[in-house]
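Coordinate-derived values only; no laboratory data. The shown structure was predicted, so the numbers you read here are calculated from the model rather than taken from an experiment. As a convention, Cβ positions derive from the backbone with ideal geometry for all residues, glycine included, and neighbour counts pool all protein chains shown.
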Number of protein chains: 2
Amino acid sequence: MTGPGLRLRQLGIDTQREFVIYMRRDCHVCRAEGFEALTRVEVALRDRRLIATLNVLDSDLLGAGEVSLSKSAWQSLQAQPGDPITVTHAPSLESLSAVRAKLYGHRLEAPALNAVIGDIAAGRYSDVHIATFLSACAGGRMDLQETIELTRAMVDAGERIDWGRVPIADKHCVGGLPGNRTTPIVVAIAAAAGLIVPKTSSRAITSPAGTADVMETLTRVDLDLPAMRSVVEREGGCLVWGGALSLSPADDILIRVERPLDLDSDAQLVASILSKKIAAGATHAVIDISVGATAKVRSDAAAHMLRGMLEQVAAAHGLQLKVVLTCGSQPVGRGVGPALEAHDVLAVLRGAATAPIDLRMRALLLAGELLEFCGHSIAGTGKSEAWRLLDSGLAWSKFQAICEAQGGLREPGVAPLREPVKSGRSGFVSDIDNRRLARLAKLAGAPGSPTAGIELHVKLGDHVQRGSALFTLHAESPGELAYAKQYLATHSVVVLADEATP
Amino acid sequence: MTGPGLRLRQLGIDTQREFVIYMRRDCHVCRAEGFEALTRVEVALRDRRLIATLNVLDSDLLGAGEVSLSKSAWQSLQAQPGDPITVTHAPSLESLSAVRAKLYGHRLEAPALNAVIGDIAAGRYSDVHIATFLSACAGGRMDLQETIELTRAMVDAGERIDWGRVPIADKHCVGGLPGNRTTPIVVAIAAAAGLIVPKTSSRAITSPAGTADVMETLTRVDLDLPAMRSVVEREGGCLVWGGALSLSPADDILIRVERPLDLDSDAQLVASILSKKIAAGATHAVIDISVGATAKVRSDAAAHMLRGMLEQVAAAHGLQLKVVLTCGSQPVGRGVGPALEAHDVLAVLRGAATAPIDLRMRALLLAGELLEFCGHSIAGTGKSEAWRLLDSGLAWSKFQAICEAQGGLREPGVAPLREPVKSGRSGFVSDIDNRRLARLAKLAGAPGSPTAGIELHVKLGDHVQRGSALFTLHAESPGELAYAKQYLATHSVVVLADEATP
């Protein structure tokens, strides 16, 4: 287009994944192109381009000829202040017609799913478009074949690792349970047994910690593909953040819209889990589904339906899958928050007397399943083999070696501010609210403040004396500690029953 | 919450209807409440409150303790710079569970629809939530009863005018045809006949002009309810912008998300049209559905289905409805753009020799139907009565009186820059692309620049000589004119066929 060029200025506005461009209403390009607020535009900087949503400025935040980008768009274009950019109308999104067709009751065929997922992975869908796609697929409207093709499209939209051998082991937990951090222990045991376990994990989205956040308190996790490969070649396993690897990149985008909508779609869940595993090159995966009233999967019936779908879609992609159902009625371990959970993991690996027994037992169960499933142990002996690898210190040695290969093992910190929360009465613990516990840990600062969170001192059924500590708040700043305490003034997290009715 | 208060600062960012709040990442409230980008928060200023989406700032655009709001949120709270505000977590939206249930195949009962529409009208839904609701209702998933209840919920969410008499006449066009501005003419004729026609119209959303934009070049249109009432009491009719009247306010919000998604939902369309009419107190309405390949309704079958639904839903609400199907194959009149269309309207009302005959005939047809339908004329005589009222100058006198009552009639301007676009060859006009024509008018500056747009010189079937003008571009600035011309370099708007094959 004609006229003087546009230059970038940084405003530092974080809109999460959605790309936003800020332009003055009187900007010549805005006027000439007929742009108005929420117009979808294509932004080009040298050979990089993306689609953004326009927010119009009626102020002098930007000078004449200046435009700005939201943080994610800025990063995606690798922009520098003063860079020249061009802004044009976004090309129309042909793949949206497939989304509309699905809403009108048509099936989504493979080419349509490839186009939709490709556009999403390339950042061409606004959040509103993504919500429409998720809605079109929700409510059981995706049949088995569509779910298989959706999974394939999600794998094809990103990188796919080929390890050149079999088996490649993986594990995943469908949970929503605070503190359920079995992954580092299972990977350490499996790698100690000689299995190849190239584990990638996510950061927290709405929870107080993701496995990548926990591992980041222990070692470096933002490895790129060559670095990850070299760790796995050397140690047989890794524990890295998946975000830097571009494995099923559409999944990360879909999840950020899906979560606030609270849309439970089995098809999306299955495609999300399996596309990550397949892209990471896994051939054998153990999936732990925690079932409980305040967990993600709330009934045995829902768990069995999800298991059936996982198994069939995995089979269609040549991925061997074993699903294990576990109890999801309360948190696992003691810590909730990155460093606090890392301490639990270390205690189990080191065989400390203080190690939380439930975390240990759950990790041994899953590791045993994985050892059998991958052919390392014969049926019925996996768990005892896992036990041996853990108690002999071999798993701990392997964990240390993996962390060293990733950049060095460090001891996670302890929050400077710790305050026990005491019981006002005696009784038996009859309920621990997983959601409120997660909320409380986040108020205390997790995961942004890595040592912040909750240290639980009780489990369901425990007898508690008046005045004894139910849990301890960990915080890095007095303000965060105060907010967590304020929340507790009006919300109970641990529920006690009378001593007479345990 | 504790800590020093937050103060408002103006940044002037226009995000359309979606309310956005801007806070520094290191803001104590952000940290303490665990807010992150895209968190939904409740913002309170004195006794006003709204729900907004958080955008987090990593820059010094805002000082410590300062927050900002998008323009629409700023206006909604009637904020002033420096005002103290409080920001808390938004209460959870109970009505979203009804949206999810609809996605999962359940029907929406009246209480659920009331809750959803009430939340939308109150601005509690983000655009992503609205997209999910629209998706849940699209694809023919709303049955007749649901559409009736949706319409009722939309009426109940806003003001409803009671005129205390019958009939109250109204008209509406489902079209998408550029220049199809029959409304001012039909209202003038009907009011001249003594009917009560309290007409409210919208501004353009994606088109080069809405009826309110056209009327604004002739008189004042942003009347409040008492002012509108007094115009109607005095002159029997009005031609005002509906946006200031709070009639079916959820409709305006839904439409802004619906349009970019291009979701054709008959239920939403019917509820949108009829809720506005019912809220405005209409008892008898004529609906003009233009059918054509590039119009909104593309086939007779679609038109008949829409007509059936409109009639049944209207009947359930006691609204008398007459649907007229008209030809939607090309633009109506000559002008496309606010002032250019106003000139066409004036020419027809004044009986000018240059008045576009198609606009005149269409307005007479619809006015005749309305006169018969409201019992003013007996069957078969409405059109000739409309003809008489128009050609006698009575309709023109009534139109002038209505405009005077609304604040004075003024002559619309003419754009300072006009450039004819000539045909490069001879031939017959075989096609006029409605969508490209609309786009071209917007590039030339419509509706923001009121005199900008397109003046068409040809109709389908016309014979054109090489070098004769097909249309004239009207613009208020050289830049806009240049952009329109640039578009024409790569897009043809008027298609010619060989003289041998007319």
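Distance between the modelled labels on B:Arg107 and B:Glu411, one decimal in nanometres: 6.0 nm (7 Å Cα→Cβ projection). Subtracting the Cα-Cα distance of B:Asp58 and B:His89 from 0.36 nm times their residue separation leaves 9.1 nm of extension gain. In this Cβ point-charge picture (+1 for Lys and Arg, -1 for Asp and Glu), the protein assembly as shown has a dipole of about 280 debye about its Cα centre.
Distance between the 7 Å Cα→Cβ label points at A:Arg234 and B:Ala315: 7.9 nm. Other residues lying with their Cβ under 9 Å from the Cβ of B:Cys137 contribute a combined charge of +1, Lys and Arg counting +1, Asp and Glu -1. Across chain A, the volume of the C-alpha convex hull divided among the residues equals 167 Å³ per residue. The amide H of A:Val421, built 1.01 Å from its N in the peptide plane, has A:Leu470, A:Phe471, A:Thr472, A:Leu473 as neighbours under 5 Å, considering only residues 5 or more places off or on other chains. For region B:6-89, a crude dipole built from +1 on the beta carbon of Lys and Arg and -1 on the beta carbon of Asp and Glu, taken about the Cα centre, is about 200 debye to the nearest 20. Residue pairs exceeding 21 angstrom between C-alpha atoms, taken from B:Lys171/B:Lys276; B:Lys102/B:Lys296; B:Lys277/B:Lys383: B:Lys102/B:Lys296; B:Lys277/B:Lys383. Between identical copies, the spacing of B:Gly63 label points, each set 7 Å from Cα toward the C-beta atom, reads 2.3 nm from nearest to farthest.
In this simple spin-label approximation, B:Val166 and A:Arg48 carry label points 7 Å from Cα along the Cα→Cβ vector, and these lie 6.7 nm apart.
Helix B:338-350 and the longest principal axis of the Cα set of chain B meet at an angle near 40°. Given their separation in residues at 0.36 nm each and the Cα-Cα distance between them, B:Arg435 and B:Ser97 gain 117.9 nm when the chain is fully extended.
Centre-to-centre, using Cα atoms only, region B:68-129 and region B:179-198 are separated by 37 Å. What translational D, rounded to a whole number of µm²/s, comes out for region B:417-497 from Stokes-Einstein when the hydrodynamic radius is the Kirkwood one over Cα pairs, at 10 °C and 1.306 mPa s? Approximately 126 µm²/s, per Stokes-Einstein. Relative to the first principal axis of the alpha-carbon coordinates of chain B, what is the inclination of helix B:110-121, with its axis defined by its Cα atoms, in degrees from 0 to 90 and to the nearest 10? Its long axis makes an angle of about 90 degrees.
When the inverse distances between all different Cα atoms of region A:6-89 are averaged and flipped, the Kirkwood radius reads 12.3 angstrom.
Between the helical axis of A:357-373 and the longest alpha-carbon principal axis of chain A there is an angle of about 70 degrees. Note on region A:336-493: semi-axes of the ellipsoid equivalent to its C-alpha gyration tensor, largest first and rounded to whole Å, are 33, 20, 13. Please give the average number of partner chain Cβ atoms lying within 10 Å of the Cβ of each residue in B:106-117, rounded to a whole number. Per-residue shielding by partner chains comes out at 0. Based on C-alpha pairs under 8 angstrom that are at least 6 apart in sequence, region A:134-249 has a relative contact order of 30 percent. Cysteines of the protein assembly as shown lacking any other cysteine Cβ under 4.7 Å from their own Cβ: A:Cys137, A:Cys173, A:Cys238, A:Cys327, A:Cys374, A:Cys403, B:Cys137, B:Cys173, B:Cys238, B:Cys327, B:Cys374, B:Cys403. With kT/(6 pi eta Rh) evaluated at 10 °C and eta = 1.306 mPa s, and Rh the Kirkwood radius from Cα pairs, the protein assembly as shown diffuses with a coefficient of 51 µm²/s according to Stokes-Einstein.
Put simply, when B:334-347, B:65-78, B:273-286, B:356-369 are sorted by average Cβ atoms within 10 angstrom per residue, most first, you get B:334-347, B:273-286, B:356-369, B:65-78. Summing Lys and Arg as +1 and Asp and Glu as -1 over all other residues whose Cβ lies under 14 Å from the Cβ of B:Val458 gives a net charge of 0. Sorted from nearest, the other copies put their B:Ala293 label points 6.4 nm away, the label point being 7 Å from Cα in the direction of Cβ.
Shielding by partners for peptide B:12-22, expressed as the average number of C-beta atoms from other protein chains within 10 Å of each residue's C-beta, is 5. Label point of B:Ile205 (7 Å along Cα→beta-carbon): distances to the other copies' equivalent points are 2.9 nm, sorted ascending. Neighbouring Cβ atoms from other chains, within 10 Å of the Cβ of residues in A:129-137, number 6 on average.
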